[in-house]
1. So Tyr185 ticks every box in (1) within 14 Å of the ligand (Cβ to nearest atom); (2) in contact with a Leu (Cβ under 7 Å, 6 or more places away or on another chain) but one. Which box is left unticked?
2. Suppose we filter region 114-138 for residues that are of a type outside the set (A, V, I, L, M) and farther than 30 Å from Gln183 by Cβ; how many remain?
3. Which numbered condition trips up Leu84, out of (1) away from the ligand (no atom under 13 Å from the Cβ); (2) modelled with pLDDT of 95 or more; (3) surrounded by fewer than 21 Cβ atoms within 10 Å (Cβ to Cβ); (4) not small (Gly, Ala, Ser)?
4. Out of the helices (runs of 4 or more DSSP H) lying entirely within region 143-231, which hold 1 or more residues that are without any contact (Cβ under 8 Å) to a residue 24 or more places away in the chain and among the hydrophobic types (A, V, I, L, M, F, W, C)?
5. If the Cβ limit is 6 Å and pairs must be 6+ apart or interchain, which residue in region 47-73 that is over 16 Å from Glu113 (Cα atoms) and within 8 Å of the ligand (Cβ to nearest atom) pairs with which residue that is assigned to a helix (DSSP H, G or I) and of a type in the set (Lys, Arg)?
6. Taking interchain pairs and intrachain pairs at least six residues apart, which have beta carbon atoms under 9 angstrom, with the first residue in region 85-112 and touching a residue at least 12 places away in the same chain (Cβ under 8 Å) and of a type outside the set (D, E, K, R) and the second in a loop (DSSP other than H, G, I, E, B) and within 8 Å of the ligand (Cβ to nearest atom)?
7. Anything in region 32-44 that is surrounded by 15 or more Cβ atoms within 10 Å (Cβ to Cβ) and either of a type in the set (Lys, Arg) or away from the ligand (no atom under 11 Å from the Cβ) (or both)? List them, or say none.
8. Return only the number of the condition from (1) over 16 Å from the mean Cα position of the chain (by Cα); (2) of a type outside the set (Val, Ile, Thr); (3) at pLDDT 95 or above; (4) closer than 22 Å to Leu192 by Cα that Lys31 does not satisfy.
Amino acid sequence: MINVPFFAFEGADGSGKTTLFNGLKALLNDKIYFTREPGGTPVAESIRNVMLDPSLPAMHPITEELLMLSARIEHVNNVVLPKLLAGIPIGSDRCFLSSIVYQGVRGGIGMNEILQDHLRMLGRYLKMTNQDAELEVYSVLPSVIYYLWLPVEESLRRVQGRTSKKMDRLDLEGQKFHKLVHQGYDEAVALLQNNPDFGADKIILIDALQSPEQILAEVHADILRRLELCA
Ligand code: ATM
């Protein structure tokens, strides 16, 4: 058992996830190690570049899944597990929930298939690297996911109104899939909430129609409370 929080931040495009993440980083840099998925290690960042490269053609969803799973194993091995074992809380921009949505729903592989593949490969990873500690798979997955939710029409409106963001491969494809991804998030959240091994209380729903300041204040306060509980 690891009793150190692993926070993750999730939400469909236009939900304000990046603004929230940057705000938390500025406020909690001394208390939490901030990272991202895919990414957080040199190998995982290189995988991210392949995944998002707009000059590449579309990939098969299984290729995407395996890329994301590879980046995640690198991240768990080099960041998540060492930090948690050292007692350092983690804050991650995205997590395996994104794989369930983007590869499972948008890519058509299936939500449960993605979850089972993760449990199998992370289980194998733990068996190989952590024989003594007998950690279970869920201890290297987030202990709390803040899920920013807003109605699909509003998130679409926000994404279409963007002028500054450089479009990556998934953004370019994404406009076609926006509705599917949005619906995928709700379904993936329900899947995890109904999974007793994961636990419904690990997903915190945040009303993303609030102002960025309100969202930041709400999540910041909740994180501080949880950090205190674990201190
Ligand atoms: P950010 O720009 O929010 O870091 O997202 C990177 C992209 O990677 C995001 N694309 N969009 N739109 C979602 C995608 N992604 C996956 O497809 N699977 C995953 O497991 C993760 C973590 C991200």
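The values are calculated or read from the model by the stated rules, or taken from the named source; none is laboratory data. For clarity, every value in this text was computed on a predicted model and none was experimentally measured. Quick reminder, even Gly has a Cβ in these numbers, built from the backbone with ideal geometry, and neighbours come from all protein chains shown.
1. (2)
2. Residues in region 114-138 being of a type outside the set (A, V, I, L, M) and farther than 30 Å from Gln183 by Cβ: 9 in total.
3. It fails just one condition, (3).
4. Hits in region 143-231: 169-193, 212-230.
5. Final answer for the pair search is Leu52/Arg169.
6. Note: pairs meeting the criteria are Ser92/Glu37; Cys95/Glu37; Phe96/Glu37; Ser98/Glu37; Ser98/Pro38; Ser99/Glu37.
7. The answer is Ile32, Tyr33, Phe34, Thr35, Arg36, Thr41, Val43.
8. So the condition that Lys31 fails would be (4).
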